[in-house]
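Throughout, read-outs are computed from the coordinates displayed, never taken from laboratory work. Every value quoted in this text rests on a predicted model; they were computed, and no experiment measured them. FYI the Cβ positions are ideal-geometry reconstructions off the backbone, even for glycines, and counts take in every protein chain you see.
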């Protein structure tokens with residue numbers, strides 16, 4: 001009997017021990033699970049595969065949806081007339097394809113009237129001047145794609161010649177057709193991806209020479225007899241600098257924060273510069289006619305535009321003083337769509353809004369145009385389709401323009417809307433690459449032409465409005 005009781009007691013202990021281990025395992029596993037879910041929620045990791053094992057994902061999703069609905073329900077405040085009266089607006093105009101809008105409900109009124117007044121005065125001969133456009137973007141415009149067609153059309157209509165700004169070195173120098181560049185010797189560079197430098201040029205780069213050379217040829221020639229200014233754009237240096245320009249000695253004193261140094265003014269289409277080893281920040285050269293439209297392409301692969309938050313405001317103001325711009329165009333978006341199921345771009349809106357505000361403050365006389373992201377596709381199941389979050393991104397970009405009294409152009413709808421990038425890539429001949437992200441040369445030319453035509457329509461509105469006001 002005693003033996004039986006002992007065996008029963010031992011068996012009970014074994015069972016209790018096993019239950020204790022099971023209990024400990026459950027507690028530890030649950031703790032790890034909770035901790036993992038908490039990390040996912042705090043870090044806002046939105047990977048769809050991880051969300052399926054996140055205990056808080058449904059709660060977080062509901063909170064996010066509530067927040068987005070609240071933000072969407074907030075009243076959009078439109079611009080005012082000079083006399084302080086509110087202008088009647090229509091935010092939904094951002095959906096229109098092939099349309100440049102400042103959201104005025106009266107669509108007979110031109111967008112960007114100040115900019116078009118400058119074009120009118122230039123074209124009519126009332127005031128011969130340069131009208132500079134800075135066109136910012138990512139890989140969608142690199143190699144001067146899209147901007148080359150836009151530039152060519154604008155210069156043919158309003159006058160002007162020259163490719164504008166060309167930086168010293170570029171990853172696209174091998175296939176950019178509007179300018180040819182080559183370098184010799186040793187160049188060091190800092191840029192958005194490898195430095196926190198606050199005095200980078202609008203290109204996102206700055207270079208320094210270690211006994212090096214730079215040669216550039218302008219291939220944008222609308223008038224072979226036109227005088228083309230070849231200017232060096234560089235930063236500050238405490239002493240005089242001696243260069244060889246086309247094998248001729250040239251001395252200058254770069255005493256300002258940003259300097260535009262006229263090196264030559266003739267009908268030659270190339271310039272060769274030999275630099276000594278120097279700490280002088282060199283940004284590039286510019287080929288410009290004496291008057292007319294100049295379009296500078298500032299492409300930088302892989303960025304979203306928020307990188308300009310780090311550039312010093314006084315430096316940007318110095319750029320405007322040395323190289324005055326009349327229109328700033330911002331075209332970003334593709335690098336925000338790197339997750340197939342991402343739909344929340346509100347954090348980006350705040351950061352890019354700060355950039356727009358900085359540009360408005362530093363480029364006082366320049367109008368601003370926001371060009372939306374183009375179509376891009378991901379594989380969903382067995383086929384490629386437009387990114388599910390693209391509509392949300394474009395609405396964010398339209399709100400950015402609306403709230404900052406900037407103009408807006410919907411590039412996505414202009415391409416053709418849903419799945420247009422897929423259709424472009426599969427057309428014959430193809431208009432886009434099979435990455436379902438980037439239009440090729442043909443497609444970029446179409447987009448550049450459509451953007452120009454939207455400008456032309458607004459200019460025609462300006463002419464009608466001006467003629468009506470003069471008549472009255």
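Of note:
- Separation of alpha-carbon centers, region 335-401 and region 178-253, rounded to whole Å: 32 Å
- Region 316-379: C-alpha gyration tensor shape, a/c 1.5 cut-off, then a/b vs b/c: prolate
- Extension gain, residue 198 to residue 427, is 78.0 nm, computed as 0.36 nm per intervening residue step minus the present C-alpha separation.
- For region 246-291, the square roots of the Cα gyration tensor eigenvalues, ordered a ≥ b ≥ c, give a/c of at least 1.5 with a/b no greater than b/c, which places it in the oblate category.
- Residue separation of residue 314 and residue 28 scaled by 0.36 nm, minus their Cα-Cα distance, works out to 97.4 nm of gained length.
- Translational diffusion of region 261-420 was estimated from the Stokes-Einstein equation, with Rh taken as the Kirkwood radius over Cα pairs; at 37 °C and 0.692 mPa s the coefficient is 180 µm²/s.
- Sorted by Cβ neighbour density within 10 Å, fewest at the top, the residues 274, 460: 460, 274
- Computed on region 339-472, with alpha-carbon pairs under 8 angstrom and 6+ residues apart, the relative contact order is 22 percent.
- You can think of it this way: the chain between residue 253 and residue 268 has 2.9 nm of extra reach, that is 0.36 nm per residue less the Cα-Cα gap.
- Radius of gyration, Dmax [region 161-290; alpha carbons; angstrom]: 14.1, 43
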